[in-house]
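> First, the structure itself, so that you have it in front of you.
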Amino acid sequence: MRVVLVPFPLQGHITPMLQLGSMLHSKGFSITIAHTDHNPPNPSNHPNFTFVNLPDQLGPNSNPTFHDLLPVILGINNYCREPLHKHLSEMIENQERDGGVVACVIHDPIMYFVDSVAKQLQIPSLILRTTSAAYLKTMRINVELHQEYKYTPLPESRLLEKVSNLEPLRFKDLPSPLHVRIPEFIIQLQRDLINKGSSVAFIWNTLDDLEGLILSELQEKDNIPFFSIGPFHKLVPKLSTTLIEEDKTCMEWLDKQSLKSVLYVSFGSLATLESKAVVEIARGLAQSEQPFLWVIRPGLIKGSKWIEDLPEGFQEEIGQRGLIVKWAPQRDVLSHFAIGAFWSHCGWNSIMESASQGVPLICKPCFSDQRVNAMFLTHVWKIGILLDDPLDRESIEKSIRRVMVDEEGKEIRENAMDFKQKVHASVQQGGDSNKCLNELTDFIASLVM
Ligand code: UDX
C-alpha cells in the first residue's frame, strides 16, 4: 500500500511530515512525497521514498519570513492543485503495475487544496497537525471571537484580560489579534486551516500525557479518529530533514562544557527580531555569566545580514563562554549533556525536542501558535518561564539564572525531567504513542479493505 504525503514547504512542517513518512515506511507502507519547488526535501536523505514535484510558480528566490507567508500559502494552494491531481490520477491508474494501492493522502492543514483533490479522486485524506492541540482549540475560539469584534475591535486596555474558555491565555496571547481589523478573507483562510474538511482522521505530533484533555475535547466535536503519536523524532531513527546547512562544530564546543551549564538559544526558522531586542538579548546573556550557544540564522535580525547589529565588542567580551552559529544540529544539541536550558521561540517542534530531553525552557514567543504554546508551557505544564515584552537585559539575566541555577527554578527543572520520563514511557513498546502508531497503521490498512 502506498501513502502519499503532502508537506507545507517550511522547516517546521517538512520535518514532522518526513518523520511520519519514515514511521509509516517502517510499518511496511510505500511512501511518496509530493513536494513543491520551494524548499524541496533532499531525496538522497530518504532513499526509501519516491518523490513527485508540484510546480508552485513561486520563483527561485522566495525565502519567506512569517510576515510574507500569505502569498506563498495562497500561491501554493492555487498552483499545486492541478499537478497533484495529475500525479494521483497516474498513481491510481498504474497502481497494479507499480504494486501499491494508494491507501490515502496525508497532508499539512496549510495545504488545504489537497482535501478537495483527494475527495474528487475518492482517496481518503488525513491531516497531519504539526502544531499543538492547544493551538487548534485556541484558533477555533479565536475565529469565533472575530465575529464578535468584527465592527468594534477589542480595546487595547483589555489585552491583559483572560479569555474565557481559554485560560490561562490573555487576549494578547491569541494567535490572531482582536484589537486590529483582520480582513474577512484572512478569517475565512483561518477557518479553512482549522476545519477537518473531508478528512477521515487527524494525526498529531503530541502525546496524551501532555494534551490528552484537549485532544478528547476536540475529538468529541470532530468525531473522527485522532492518533497522537508524538514526539515523532523519538519514534524514528535519526533522520536528516534540515533545509539549512548545520554547523556541527558546536558539538565539539559543547563537549568542552560542564554538565547542564549551557543555555541554548534559538528562534527557529521563520521568526525575526528587531535589532533593539537583539542588543538586550546580547547584554542579558553577557550579564547572566552562563555559557551559551546562540543560533543567529541569517535574516533573524531585521535589516541585517547576520550579526552586524550585535553590540560592539560583544564577542570579545564573551570570549570562549559563548558561541554563535548560523544553524545548529538542534536535536543533537538538545540531547547533549552540557545543555541546561533552552531559550526558545516556542515553535512546536522545538518544544517536543526540548521537553523530550528534560530541558526546561525560557519562552519568548514571536507569533501565532508560539504565544499559545508559551502560555501552556509556563502556566499549565510548568516546564518553562515566560519572558514577556518588552525584552530588557535585567529580566533576561534573571530568567536565565532562575531556570538554570537558582533554587526558585528547581520545580521547573524537576518538572522538565519528569516530562522526559513520560515521553520515554510513551514511545516504548506498549506506551501510548507507540500503541497509537500501531493503531494508525491498522487504520490506514483498513481504508483499502
Ligand atoms: C514554524 C512556526 O514558527 C511554528 O510556530 C510552528 O509551530 C511550526 O512551524 P519554526 O520556526 O520552524 O516553526 O520552529 P519549530 O517548530 O521549532 O521548528 C524548527 C525546526 O528546526 C526544529 O525541528 C529544529 O530542530 C530545527 N532547527 C532549528 C535546527 O535544526 N537547527 C537550528 O539551528 C534551529
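Derivation of every value follows stated rules applied to the coordinates shown; laboratory data play no part. Note that the structure is predicted; figures quoted are calculated from it, not measured. Because the Cβ atoms are built from the backbone with ideal geometry, glycine has one as well, and the counts that use them run over all protein chains shown.
> Can you tell me which lysines have their Cα less than 19 Å from the Cα of LYS150? Leave out same-chain residues fewer than eight positions away.
Excluding near neighbours in sequence, the set is LYS172.
> Please quote Rg/Rh for the chain to two decimal places, taking the Kirkwood radius as Rh and restricting both calculations to Cα atoms.
Working: Rg = 21.9 Å, Rh = 22.8 Å.
Result: Rg/Rh = 0.96.
> Relative contact order, percent, of the range 22-86 when contacts are C-alpha pairs under 8 Å separated by at least 6 residues? Before the final figure, lay out each step's value.
Values: 61 pairs, mean separation 19.9, N = 65.
This gives 31 percent for the range 22-86.
> Would you please put 134-147, 334-347 in order of how densely packed they are, using the mean number of other Cβ atoms within 10 angstrom per residue and starting with the highest?
Peptide ranking by packing, descending: 334-347, 134-147.
> At LYS302 and ASN438, where each label point lies 7 Å from the Cα along Cα→Cβ, what is the point-to-point distance in nanometres?
A separation of 5.1 nm, rounded to one decimal place.
> To continue, here is another question. Can you give the extra length, in nm with one decimal, that the chain gains between LEU74 and LEU193 once fully stretched, where that is 0.36 nm per residue apart less the Cα-Cα distance? It would help to have the intermediate numbers written out before the result.
Working: separation 119, 0.36 × 119 = 42.84 nm, distance 1.21 nm.
Taking 0.36 nm per residue and subtracting the Cα distance, the gain is 41.6 nm.
> With every atom except the alpha carbons ignored, what do you get for Rg and Dmax of the range 27-104, in angstroms?
Every Cα atom of the range 27-104 included, Rg and Dmax give 14.6, 45 Å.
> On a 0 to 90° scale, report how tilted helix 133-148 is relative to the longest principal axis of the chain, with both axes built from alpha carbons and the result rounded to the nearest 10.
90 degrees
> Taking R0 as 30 Å, what's the FRET efficiency between GLN429 and THR50 from their Cβ-Cβ distance, rounded to 0.05?
Values: r = 29 Å, r/R0 = 0.98.
Step by step, r from the Cβ atoms, then E = 0.55.
> Per residue Cα convex hull volume for the range 1-150, in cubic angstrom? The partial results should precede the final answer.
Numbers: hull volume 19.5 nm³, N = 150.
So the per-residue Cα hull volume is 130 Å³.
> In the chain, with Lys and Arg counted as +1 and Asp and Glu as -1 at Cβ, which of these residues, GLN257, ILE396, ILE182, has the Cα nearest the positive end of the dipole, that is, farthest along it?
Farthest along the dipole direction, towards plus: ILE182.
> Where the only charges are on Cβ atoms (+1 Lys, Arg; -1 Asp, Glu), what is the dipole of the range 235-320 about its Cα centre, to the nearest 20 debye?
In debye, rounded to 20, the range 235-320 gives about 340.
> To continue, here is another question. Show which aspartates and glutamates lie in cross-link reach of LYS302 when reach means a straight Cα distance below 15 angstrom and same-chain residues fewer than eight apart are skipped.
ASP68, GLU274, GLU280
> If each Cα of the range 87-191 is one equal point scatterer, what is log10 of I(q)/I(0) from the Debye formula at q = 0.12, 0.15 Å⁻¹?
Summing over Cα pairs of the range 87-191 leads to -0.57, -0.73.
> Quick check of the Kirkwood formula: for the range 63-146, what is the inverse mean of 1/r over all pairs of different Cα atoms, in Å?
Every distinct Cα pair counted, the radius reaches 14.9 Å.
> Can I ask one more? Give the Rg/Rh ratio for the range 322-449, taking Rg as the radius of gyration of the Cα atoms and Rh as the Kirkwood radius, to two decimals.
Rg/Rh: 1.06.
> Taking θ = phi - 60°, what integer Hz values does the Karplus form 6.51 cos²θ - 1.76 cosθ + 1.60 yield along the range 214-228, in sequence order, with x for Gly and Pro?
5, 4, 4, 4, 5, 5, 4, 6, 6, 6, 9, x, 10, 10, 9
> Given the range 211-313, what whole percent of its Cα pairs are spread farther than 23 Å?
The proportion of pairs with Cα distances above 23 Å equals 52 percent.
> How far is helix 369-379 tilted off the main Cα axis of the chain, in degrees rounded to 10, range 0 to 90?
The two axes meet at around 60 degrees.
> Kindly flag which residue pairs out of LYS27/LYS234; LYS276/LYS305; LYS234/LYS256; LYS137/LYS420 have an alpha-carbon separation exceeding 20 Å in this structure.
Working: LYS27/LYS234 16 Å; LYS276/LYS305 15 Å; LYS234/LYS256 26 Å; LYS137/LYS420 25 Å.
Too far apart for the 20 Å limit: LYS234/LYS256; LYS137/LYS420.
> Treat each spin label as a single point 7 Å out from the Cα along the C-beta direction, and report the LYS410 to LEU239 distance in nm.
4.1 nm
> Express the relative contact order of the chain as a whole percentage, based on alpha carbon pairs under 8 Å and six or more residues apart in sequence.
Values: 771 pairs, mean separation 69.6, N = 449.
Worked out over the chain, it gives 16 percent.
> Enumerate the residues in the range 6-43 having an amide nitrogen under 16 Å from the point lying 7 Å beyond the Cα of GLU82 toward its Cβ.
37
> Per residue of the chain, what 222 nm ellipticity follows from adding -39500 (n - 2.57) for every DSSP H run with n ≥ 4, rounded to the nearest 500?
Values: 17 runs with 188 residues, N = 449.
Value at 222 nm, helices only, nearest 500: -12500 deg cm²/dmol.
> Angle between the Cα long axis of helix 81-93 and the longest principal axis of the chain, 0 to 90 degrees, nearest 10?
Approximately 50 degrees, to the nearest 10.
> Now, a different point. Round to a whole angstrom and tell me the spacing of the C-alpha centers of the range 179-209 and the range 363-428.
26 Å
> Under 5 Å between amide hydrogens, which residues at least 5 positions from ASP247 or on another chain qualify, with H placed 1.01 Å from N in the peptide plane?
Amide H neighbours of ASP247, under 5 Å, 5+ apart: TRP327, ALA328.
> Over all alpha-carbon pairs of the range 315-385, lay out the pair-distance distribution in 5 Å bins, whole %, shortest bin first.
Calculated P(r), rounded to whole percents: 3, 16, 26, 22, 16, 11, 5, 1.
> Please report, in debye to the nearest 20, how large the charge dipole of the chain is about its Cα centre when each Lys and Arg carries +1 at its beta carbon and each Asp and Glu carries -1 there.
In debye, rounded to 20, the chain gives about 280.
> Over all directions, average the projected area of the Cα convex hull of the range 151-249 and note it in nm². Write down the numbers at each step before the final one.
Values: hull surface 43.3 nm².
Convex hull of Cα atoms, orientation-averaged projection: 10.8 nm².
> Still on this structure, please answer the following. Tell me, what is the FRET efficiency for GLN421 and GLU93 to the nearest 0.05, using R0 = 45 angstrom and their Cβ-Cβ distance as r?
On the way: r = 50 Å, r/R0 = 1.10.
Calculated transfer efficiency: 0.35.
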